[in-house]
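Please treat every number below as a calculation from the coordinates, not as lab data. Computed from a predicted model, the values in this text were never measured in an experiment. Glycine gets a Cβ as well: all are built from the backbone with ideal geometry, and neighbour counts include every protein chain shown.
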Amino acid sequence: KYLFSINSALGDQAYVWNENEMFLFRATLAFAMRTYSDGQEYDVANVVVCDETPRVSFWFVVTSPLDASLLVDKRRVEEAVRKSRSRINSAFLLTDDTLEFIGIPPTLEAPVAPDTPPWLIAFGVVMGGVGAGIVVLLVSSVKRDGEEETGGKTENEAASDAIYNMSFSDDEPVTQM
Amino acid sequence: LITLEITERPKWDNKVQYMLTCIGFAVGLGNVWRFPYLCQIYGGGAFLIPYGIAFVFEGLPLLHMELAIGQRLRMGSVGVWNSISPYLGGLGVASMLVSFLVGLFYNMLLAWILWYFFHSFQSPLPWRDCPLNLNRTGYVSECEKSSPVNYFWYRETLNITPNIETSGPVQWWLVLCLASAWGLVYICFIRGIETIGKAIYVTATFPYLVLTIFLVRSLTLAGATDGLIYLFTPNWETLKNPNVWLDAATQIFFSLSLAFGGLIAFSSYNVQKNNCERDALIVGCVNSFTSIYASIPIFAILGFKANENYNNCQNWNILRLTNSFNIGDENITVENYDVWFNYLNATDPSEVKSLDLKTCNLQTFLDQSVSGTGLAFIVFTEAVINMPGAQVWAVLFFVMLFSLGLSSMFGNLEGVLTPLLDLHIIPSWIPKEIFTGLMCLSSFTVGLLFTLGSGNYWLEIFNSYVGSMPLLIIAFFEIISVVYIYGIDRFNDDIEWMTGRRPNIYWQATWRFISPLMLLVVFVAYVVIEAEKRPTYNTWNPDYVHFPLADVQHYPEWVYVICVLLSVLPVVSIPLVALYKFMGFLNKYIMKRHNPNPYGNELCHGEF
């Protein structure tokens, strides 16, 4: 059984379902049977449709091209439909959601899996930046300490090593003689 | 006589850095994902009343006191309380321990935010679709039963175990994220306030930029007004519930990050002549304003999401009816659904009943309230999927959360670093950069606990037990110490000297009586309410009968013991240090009595 949801899929660009559209459907189904089934020459006449409703849903069966009274096995029809879902969908500008086939779940496409997960790339970028930043900061602080050691030890020497008795504090740390 | 060493204490480059750092510390993840939740469950606009009262009578006075005492005594938390009285040294140690423990789990939150941030650079977003099962006929059952966003959070991010006893292995991807979170924290924290002061310009201001962008965007979404009306419509009945007052008091308290020692540390790097009263008012008001400001886009987006869910629910019903009764496509719409439903129910009630139509109610969708990680990683991510340009919004959101959390981490770490530096525990030959690196490394190592399969359960424990009761106790002792041991008159004099104005009657009343009383009441109420019920926790158990509902479990005994330890250990240092000092004092007293020394100079050997 097939269910068409044309209006909800296409909105303004919806086409009206009529005899010609039904003909297209039968033709695509015949195409699917030809390509993916046993290779016999299925024709539009072999696809029999019944119980059509305004919902645009209907039942169909496929007869063998060799003998019109012989019905093709349901499983083979299902298999052919499953393999050509995307072609059938695109013929009607619809998708798996809007063109339902009761009883055949679509073979879901596996999402494209890239070789490196993209999150690892983002992680690598961030960590690279962090690592570089840490190295830069450490190097700059080592350089700064190096300059301090060789340079101005004389003035601050007394200040940093000694302990001052604040009760005698003057403006200058060193008593003037 | 006071002996001082003339090594320069680090200081802020300018006043703006100091203000931004305090604001950044106070404004954190809780402003975004806890306050809106409280507003929602406690009757919308009505919650602002208990919140405001708690702010005025508890939050502001404590904030002002911490900033003033740090600025006056120019030391971190341990040094400050030691100066007031050697018996109070334990208070500083308690603050330090709490800051350390909170820093451990807080950075795990940042690690999770980073994980989501890294994953936001994909199209489609990975939490939009369920992954396929092995034979590609359908989706993974755990995901189908719950939802793609839930699956992504619980399975692909946390790989969570069914209960806390099952530890599961260490999840290597979370270790990587935790390492990068600590790396980012380290690079800002590497030289203490020197580097923090530069980083804060970005991390404290960026969230406001993003919130404004979200505000504008969210107000244009469909269903935003539903969410906002729902948020702000006051339900005055909730004010009769004592839990509301308790939650308001605790919320304002934790929101301002009081009792961590971080604020004391920050203000200790100020010049002494600085108007700390105005600073306190600014920080407090900005913090509360941010909470309210953040709720608006959050609730607009929640309203949008509820609207989407409601529409999906209705469309699902419509599709079921359409397919079952073979009605023309799009004949049943949302508007005439009721007409059609009644008609079909009248003609063929058994068929309609067999369809299992859902009852779609917008209110139910709006009522789904979540806070914390659930809000950010489940609800918000689901909303973002439906917004055009989802990747941009996801990236912006997670960067905003990261900056909010990062600036709060600075306060946590300074609450540990400054006391250690002031106590001169660190040998002077270790450069500050190495020491901060060691701090980050050791926190990272202990924090690996949260990367286990059961990590989320442990984080909840830390959050509830460390980040709550110990802080209340510490704050209570803080205010008692300042007012009654240091002396409120001496404190008033200090503030007059620093700011040029004596604190007015509001500060006097709150410091002396109202705030300590409120803290005591809140603390007692908290203990009573928590001790009543045996603690339970929500687990994610795919084998649970009613999955995806949470399987509520009790904590096992050994875990409960750890919970109690976490609450008690930080504060036990308060009496322990007092006892230790007292023993020392007794010892000397006894020695003096036995050996009277004519020069009486053994007391001059400073031992502090």
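Miscellaneous remarks
- Inter-chain neighbour count for A:116-129: the average number of beta-carbon atoms from partner chains within 10 Å of each residue's beta-carbon is 5.
- Rotationally averaged projected area of segment B:469-521 (alpha carbon convex hull; nm²): 3.7
- Sorted fewest first by neighbouring Cβ atoms within 10 angstrom, A:62, B:399, B:170 come out as B:170, B:399, A:62.
- Counting every other Cβ atom within 10 Å of each residue's Cβ, B:151, A:36 order from fewest to most as A:36, B:151.
- Taking a Cβ cut-off of under 11 Å around residue A:46, the surrounding Lys, Arg, Asp and Glu residues balance to a net charge of -1, with basic ones at +1 and acidic ones at -1.
- Dividing the summed -39500 (n - 2.57) terms of all DSSP H runs of n ≥ 4 by the residue count of chain B sets its mean residue ellipticity at 222 nm at -21000 deg cm²/dmol.
- Across segment B:439-566, the mean sequence separation of Cα contacts (distance under 8 Å, 6 or more residues apart), normalised by length, yields a relative contact order of 22 percent.
- Segment B:126-266, relative contact order [Cα under 8 Å, separation at least 6], %: 8
- Taking a straight line from the alpha carbon of residue B:240, these lysines sit under 26 Å away, with near neighbours fewer than eight places off in the same chain left out: B:533.
- Once you divide the Cα radius of gyration of the protein assembly as shown by 2.2 N^0.38 Å, the number left is 1.22.
- Whole-Hz ³J(HN,Hα) from phi, Karplus 6.51 cos²θ - 1.76 cosθ + 1.60, for segment B:258-265, glycine and proline x: 7, 6, 7, x, x, 5, 4, 4
- Candidate lysines - alpha carbon under 25 Å from residue B:581, same-chain residues fewer than 8 apart omitted: B:592
- Taking the Cα centre of the protein assembly as shown as reference, the dipole from Cβ charges on Lys and Arg (+1) and Asp and Glu (-1) amounts to some 1200 debye.
- Computed over chain B, the ratio Rg/Rh where both radii use C-alpha atoms and Rh is Kirkwood: 1.03
- FRET efficiency for the residue B:239 to residue B:368 pair, using the beta carbon distance and R₀ = 22 Å, is estimated at 0.40.
- Separation between Cα centres of segment B:146-191 and segment B:493-559, rounded to whole Å: 27
- Relative contact order (%) - criterion: Cα under 8 Å, at least six apart; region: chain B: 32
- Taking other C-beta atoms within 10 angstrom as a stand-in for reagent exposure, B:283, B:466 fall in the order B:466, B:283, fewest first.
- Divided by 2.2 N^0.38 Å, where N counts the residues, the Cα radius of gyration of segment B:367-425 comes to 1.70.
- The lysines whose alpha-carbon is closer than 24 Å to the alpha-carbon of residue B:198, local same-chain residues fewer than 8 away aside, are A:143, B:11, B:15, B:273, B:432.
- Over all projection directions, the Cα-based convex hull of segment B:1-130 averages an area of 13.7 nm².
- Relative compactness, segment B:241-347, computed as alpha-carbon Rg over 2.2 N^0.38 Å: 2.09
- Trypsin sites (Lys or Arg not before Pro) lying in DSSP loop within segment B:248-350, provided at most 11 other Cβ fall within 10 Å: B:273
- Applying a length cut-off of 30 Å (Cα extent along the axis) and a mean Kyte-Doolittle floor of 0.0 to the DSSP H helices of chain B leaves B:89-118, B:193-219, B:276-325, B:390-422, B:557-594.
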